[in-house]
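First comes the structure, then the notes that go with it.
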Amino acid sequence: MKRRAVWSAVVVFGAVVCASLLVSERVSAEGQVLVLEDFQGKEADGFPSAWDHENQRSHSKGREAYKVQSENGVNFLSAKDAGQRIKKKKIDWDPKAYPVLTWRWRLQKAPAGTDQIAAIYASLDTDLMFIPVFTKYVWSGTKADGTLTEGGMFSGAEVVVQSGTKEVGQWFEERVNVYEDFKRIHQHEPAPKAWGISIIAAPGVEIDFGSLVASPAK
């Protein structure tokens, strides 16, 4: 379902620089890829452009918690003590044509025993009440890689793709097939266009997120 690698800082930043030079879509030797977000845009307070809050808890705290930052000329999203989710809706993404979602994240700090340190939500459809149907890809401090937790009426299924808190300061790359996961977990085809993507980091956690890229299955 996934392929993960620990990259050195130089390799990671070089790879992300390449991604950040892309527009929303490009043709490469490997085929088309879609850069869903590279955090090149930010508002005056550093909050990422074209993102919004999930209308929960404190709006001002959310804006303070999520900031676009730069390191060695490469932009990324920094989350500090967030405890709430932010979303990017209505992205031009066909998950059937571009089923593989790849991103990088780097843990800086997490309280001991934190179950869900951070997560990426892939919302590929909505139900009859227009509530997003999503799969939640989790970095867990307590659960093993590959752990699947079925969702309920108002919660999506959760898949652990990264586990533990030992490798602080290291970039990890995640690669998941969101289309196949959606069909396997939700038992139906997703919508022709994805509803959106979301990011969350737990209270007390400091974590960085790199570019999110979708690509065809190989």
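Evaluate the stretch 92-113: report whether one residue or more is in contact with a Lys or Arg (Cβ under 8 Å, 6 or more places away or on another chain) and of a type in the set (G, A, S). There is no residue in the stretch 92-113 that is in contact with a Lys or Arg (Cβ under 8 Å, 6 or more places away or on another chain) and of a type in the set (G, A, S).
For the stretch 2-20, indicate whether the set of residues that are at pLDDT 60 or above, touching a strand residue (DSSP E or B) at 6+ places or on another chain (Cβ under 7 Å) and under 25 Å from W195 (Cα atoms) is non-empty. No, the stretch 2-20 contains no residue that is at pLDDT 60 or above, touching a strand residue (DSSP E or B) at 6+ places or on another chain (Cβ under 7 Å) and under 25 Å from W195 (Cα atoms). Restricting Q116, Q56, Q84 to residues that are surrounded by 16 or more Cβ atoms within 10 Å (Cβ to Cβ) and either of a type in the set (F, W, Y) or at pLDDT below 95 (or both) narrows the list to Q84.
Just one of the listed residues (A191, A157) is touching a strand residue (DSSP E or B) at 6+ places or on another chain (Cβ under 8 Å), surrounded by fewer than 21 Cβ atoms within 10 Å (Cβ to Cβ), touching a residue at least 60 places away in the same chain (Cβ under 8 Å) and under 24 Å from K96 (Cα atoms), namely A191. Considering only residues in the stretch 127-154 that are without any contact (Cβ under 8 Å) to a residue 40 or more places away in the chain and hydroxyl-bearing (S, T, Y), the one that is farthest from K89 (Cα to Cα) turns out to be T142.
Here's the yes/no breakdown for (1) over 19 Å from S70 (Cα atoms); (2) modelled with pLDDT of 95 or more; (3) under 16 Å from the mean Cα position of the chain (by Cα):
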{"position": "Q170", "(1), (2), (3)": "no, yes, no"}
{"position": "E174", "(1), (2), (3)": "yes, yes, yes"}
{"position": "E206", "(1), (2), (3)": "no, yes, yes"}
{"position": "F209", "(1), (2), (3)": "no, yes, yes"}
{"position": "P216", "(1), (2), (3)": "yes, yes, no"}
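Scanning the stretch 204-214 for residues that are of a type outside the set (V, I, T) and in contact with a Pro (Cβ under 8 Å, 6 or more places away or on another chain) gives G204, A214. The set of residues in the stretch 163-184 that are at positive phi and free of Cβ contacts under 8 Å to residues at least 40 places away in the same chain contains only G164. Checked against (1) surrounded by fewer than 20 Cβ atoms within 10 Å (Cβ to Cβ); (2) farther than 18 Å from Q187 by Cα, D127 passes all but a single condition, namely (2).
The values are calculated or read from the model by the stated rules, or taken from the named source; none is laboratory data. As the structure is a computational prediction, the values presented were derived from the model and not from experiment. Virtual Cβ from ideal backbone geometry, glycine too; neighbours counted across all protein chains shown.
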